[in-house]
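**Student:** I have a structure I would like to understand better, so I am pasting it below and will then ask my questions one at a time.
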Amino acid sequence: MAIDIPATPPAVLCFGAGDATAGSGLAADILTLASMGCHPLPVHTAVLLRDTRSVDEVWAQDAEIVVAQARTILEDIPVAAFKLGFCGSVENLAAIAEILSDYPDLALIVEPALYACGDLGEAGEEMSAALADLILPQTTLLVLGRHELCRLVGVACSDGEHDETELPAVDDALAQVLAGGTEYILLTGGSEHGPQVVNSLIGQAGSVRTDAWPRLGGRFLGAGTTLAAAAAAALAHGMDLPEAVREAQEFTQQALRHAYRPGMGLALPDRFFWARGKGDADE
């Protein structure tokens with residue numbers, strides 16, 4: 001559906017990492033939010049040294065600087081929603097959790113970006129645990145795939161194709177996160193196999209909606225970031241959550257369908273596909 005853009009666009013404060021490829025992180029948030037008629041407020045939590053192929057290093061921002069950025073903006077600009085990505089350190093997560101606790105009525109969309117923790121060893125595991133303990137109880141919508149979900153709660157699941165033998169483990173992970181206070185989980189199927197990508201929205205009362213999309217060829221950098229930021233934008237515009245999730249999926253599917261490959265690695269979603277005359281009618 002078309003979004004009615006007000007004269008002053010709703011502001012979304014994003015906690016996330018700098019990524020010079022603009023495939024993921026704050027640059028991806030900014031592109032997505034701006035494309036959907038929001039004003040992005042980026043708060044830097046870390047820097048990802050990466051190209052379009054892989055992450056080489058991660059540098060966390062000092063927690064005091066993260067807090068100063070966020071508090072300064074929050075004292076000036078009314079915020080319609082929060083979006084949280086990779087936060088860089090346990091200290092940053094604790095500081096952000098304290099900030100978020102002052103705004104319990106605002107939607108918080110979380111995309112854990114655990115891929116950035118992959119080479120951090122024990123520090124990465126500590127960040128996953130802190131995210132589960134401090135952030136998820138305040139989360140309105142958690143956007144992630146099966147592997148990230150299982151990693152987040154310490155449930156074992158295979159790296160291969162999802163099969164029915166893993167359903168109890170996934171169900172257990174979903175139950176743990178929802179019991180911890182997260183209101184909704186959008187479990188994405190982008191990393192699975194099959195002709196369709198199936199995304200399931202689960203809430204405290206069970207399944208809310210399931211959407212299936214044609215699986216596109218190629219591999220993408222920033223699909224999850226785009227989806228989560230688009231959901232934040234739709235919620236900031238006042239949509240009900242199930243409607244916002246559908247709107248975010250439609251946007252992301254179009255952005256991925258018109259993705260481009262600027263470097264030697266993964267393709268990047270075209271978050272401004274509509275500005276280049278692309279859309280549903282294009283093939």
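**Student:** When residues of segment 1-33 are filtered for being touching a residue at least 60 places away in the same chain (Cβ under 8 Å) and among the small types (G, A, S), how many remain?
**Tutor:** The total comes to 8.
**Student:** Here is a list: I109, I135, I99, I77. Which entry is modelled with pLDDT of 95 or more, touching a Lys or Arg at 6+ places or on another chain (Cβ under 9 Å) and either surrounded by fewer than 21 Cβ atoms within 10 Å (Cβ to Cβ) or assigned to a helix (DSSP H, G or I) (or both)?
**Tutor:** That would be I99, the only listed residue that is modelled with pLDDT of 95 or more, touching a Lys or Arg at 6+ places or on another chain (Cβ under 9 Å) and either surrounded by fewer than 21 Cβ atoms within 10 Å (Cβ to Cβ) or assigned to a helix (DSSP H, G or I) (or both).
**Student:** Does at least one position in segment 247-260 carry a residue that is free of Cβ contacts under 8 Å to residues at least 12 places away in the same chain, touching a strand residue (DSSP E or B) at 6+ places or on another chain (Cβ under 7 Å) and either part of a helix (DSSP H, G or I) or more than 16 Å from I3 (Cα to Cα) (or both)?
**Tutor:** yes
**Student:** Another one. I need a count of the residues in segment 198-216 that are assigned to a loop (DSSP other than H, G, I, E, B) and touching a residue at least 40 places away in the same chain (Cβ under 8 Å).
**Tutor:** The qualifying residues number 1.
**Student:** Can I ask one more? Of the residues that make up segment 75-84, is at least one under 22 Å from T8 (Cα atoms) and in contact with an Asp or Glu (Cβ under 8 Å, 6 or more places away or on another chain)?
**Tutor:** Yes, because at least one residue in segment 75-84 is under 22 Å from T8 (Cα atoms) and in contact with an Asp or Glu (Cβ under 8 Å, 6 or more places away or on another chain).
**Student:** If you scan segment 217-237, which residues turn out to be farther than 20 Å from I30 by Cβ and in contact (Cβ under 8 Å) with a residue 24 or more places away in the chain?
**Tutor:** G218, R219
**Student:** Might you check whether a residue that is touching a Leu at 6+ places or on another chain (Cβ under 8 Å), within 13 Å of G222 (Cβ to Cβ), surrounded by 18 or more Cβ atoms within 10 Å (Cβ to Cβ) and among the polar types (S, T, N, Q) occurs anywhere in segment 31-49?
**Tutor:** No, segment 31-49 has no match at all.
**Student:** If you don't mind, another one. Name the residues in segment 211-228 that are surrounded by fewer than 24 Cβ atoms within 10 Å (Cβ to Cβ), more than 16 Å from P262 (Cβ to Cβ) and out of contact with any helix residue (DSSP H, G or I) (no Cβ under 7 Å at 6 or more places or on another chain), would you?
**Tutor:** Correct list: A212, P214, R215, G217.
The values are calculated or read from the model by the stated rules, or taken from the named source; none is laboratory data. What you see is a predicted model; the values in this text were computed from it and never measured. Counting neighbours? That spans all protein chains shown, and the Cβs are built from the backbone with ideal geometry, glycine included.
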